[in-house]
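Trainee: I'd like to ask you about the structure that follows.
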Amino acid sequence: MHLQNDNLLVEVSRFGGSLLSGHYRGIPFLQPTPTEGIASQRHGAEASFPLVPYGNRIEANAFEFAGKRFTMQPNTADPFCLHGDGWLAEWEVIAQTGSQAVLLYVRRAEPPSPYSYEAIQTVRLDDDGVALSLSVTNKSDAALPYGLGFHPFFPRTPRTRLKAQAERYWTERAGHLPDMPVAVPAGLDFTTSKPLPGHWINNAYDGWNGQAWIEWPEYGLGLSLAVDGIFRCFMIYSPEADADFFCFEPMSHLPNAHSMSSGAGLMMLRQEQSFSCSIYLRPVVLSG
């Protein structure tokens, strides 16, 4: 389905609750990107998808909570269960206008996973940008840890620049898992706007102030990204300088938070409890 106004055109899919494209005055600000290792043929090239009931990976496909051990199954070619369930499922469109779509995903517990929940995502255009909101309600019999996030793919051009302030940087270890929190390395510190690195980057940042800025000088376009207070973390992923995309992924929790004693941002929801999050993408024409 297409959402459209005078400035914006966004294509939304029921499959994965994903955005398939995003344009501002004809200029792309999202980059459709194939996802490797997906068994379903309904998934092709997504430009953004919701993360529910968690984002990124769970080490060993298992976690302990409230004295119980829960196991999960890998859901892609990756050895670890990746990005939860919502991005691989078919969502129901429960409301739609020319500038807004509301999608529902109902997940029933399928052993060995304990997760049973309802997720609602709203995609709304206004004159200036795109608002994405996501909520989850625990339908499991017991309390469980939940996390939310968004996984947009942005165009990567030779002159792309990023600005995003964070307090800590997490090194990466085997399995694409976070290792240790350290001071943000100078070359990967985006407190001031700078180009993306030419090498592989797949790292988490936390202590984020909830604001980011992307520039594509070739397009004469910038993008402001703002989130609500629940997001304190983000991931940056870009495989190489020649890639035509990079990911900047706001999350309510750190990757592999299920394996961290602090919960690392996960929300503990009892049956019928909910929480929600939102992000706002505002394209801006660069002056000069």
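The values are calculated or read from the model by the stated rules, or taken from the named source; none is laboratory data. Values in this document were obtained by computation on a predicted structure and should not be read as measured data. Quick reminder, even Gly has a Cβ in these numbers, built from the backbone with ideal geometry, and neighbours come from all protein chains shown. We work out accessible area using only protein heavy atoms, side chains counted, and drop any ligands, DNA or RNA first. Shrake-Rupley method; radii C 1.70, N 1.55, O 1.52, S 1.80 Å.
Trainee: Quick one: residue 180 ticks every box in (1) free of Cβ contacts under 8 Å to residues at least 40 places away in the same chain; (2) in a strand (DSSP E or B); (3) surrounded by 15 or more Cβ atoms within 10 Å (Cβ to Cβ); (4) not hydroxyl-bearing (Ser, Thr, Tyr) bar one, so which box is it?
Mentor: Every listed condition holds for residue 180 apart from (3).
Trainee: Say we look at the range 257-276 and pick out the residues that are part of a loop (DSSP other than H, G, I, E, B) and at pLDDT below 95; which of these is surrounded by the fewest Cβ atoms within 10 Å (Cβ to Cβ)?
Mentor: Result: 261.
Trainee: Now for a different question. Within the range 215-237, how many residues are open to solvent by 10 Å² or more (accessible area, probe 1.4 Å), in a strand (DSSP E or B) and not hydrophobic (A, V, I, L, M, F, W, C)?
Mentor: Total satisfying the criteria: 3.
Trainee: Is there a residue in the range 14-21 that is open to solvent by 50 Å² or more (accessible area, probe 1.4 Å) and assigned to a loop (DSSP other than H, G, I, E, B)?
Mentor: Within the range 14-21 (the criterion being open to solvent by 50 Å² or more (accessible area, probe 1.4 Å) and assigned to a loop (DSSP other than H, G, I, E, B)), the answer is yes, since at least one residue qualifies.
Trainee: With the structure loaded, tell me whether residue 88 is at pLDDT 90 or above, farther than 23 Å from residue 226 by Cβ, open to solvent by 30 Å² or more (accessible area, probe 1.4 Å) and under 16 Å from the mean Cα position of the chain (by Cα) or whether it fails that test. Give the steps one after another, and end with the answer.
Mentor: Values: at pLDDT 90 or above: yes; farther than 23 Å from residue 226 by Cβ: yes; open to solvent by 30 Å² or more (accessible area, probe 1.4 Å): yes; under 16 Å from the mean Cα position of the chain (by Cα): yes.
Yes; evaluated as a whole, the condition is true for this residue.
Trainee: If the requirement is being of a type in the set (Gly, Ala, Ser), open to solvent by less than 50 Å² (accessible area, probe 1.4 Å) and either farther than 25 Å from residue 222 by Cα or part of a loop (DSSP other than H, G, I, E, B) (or both), which of these qualifies: 95, 109?
Mentor: 95
Trainee: Being out of contact with any Cys (no Cβ under 9 Å at 6 or more places or on another chain), in a loop (DSSP other than H, G, I, E, B) and surrounded by 14 or more Cβ atoms within 10 Å (Cβ to Cβ) is the filter here; which residues of the range 191-208 pass it?
Mentor: 196, 197
Trainee: I need every pair where a residue in the range 8-27 that is more than 17 Å from residue 87 (Cβ to Cβ) has its Cβ under 6 Å from the Cβ of a residue that is open to solvent by 50 Å² or more (accessible area, probe 1.4 Å) and not in a strand (DSSP E or B), sequence separation at least 6 or different chains.
Mentor: Hits for this filter: 27/219.
Trainee: Name, by its number, the condition in (1) in a loop (DSSP other than H, G, I, E, B); (2) at pLDDT 95 or above that does not hold for residue 171.
Mentor: Among (1) in a loop (DSSP other than H, G, I, E, B); (2) at pLDDT 95 or above, the lone unmet condition for residue 171 is (1).
Trainee: Oh, and also: Report, ordered by the first and then the second residue, all pairs with beta carbons closer than 6 Å, sequence separation of six or more or different chains, a first member in the range 186-197 that is farther than 17 Å from residue 159 by Cβ, and a second member that is open to solvent by 50 Å² or more (accessible area, probe 1.4 Å).
Mentor: Final answer for the pair search is 191/165.
Trainee: Mind listing just one residue for me: the one in the range 59-85 that is within 22 Å of residue 17 (Cα to Cα) and open to solvent by less than 10 Å² (accessible area, probe 1.4 Å) and, of those, farthest from the chain's Cα centre (by Cα)?
Mentor: Out of the qualifying residues, it is 81.
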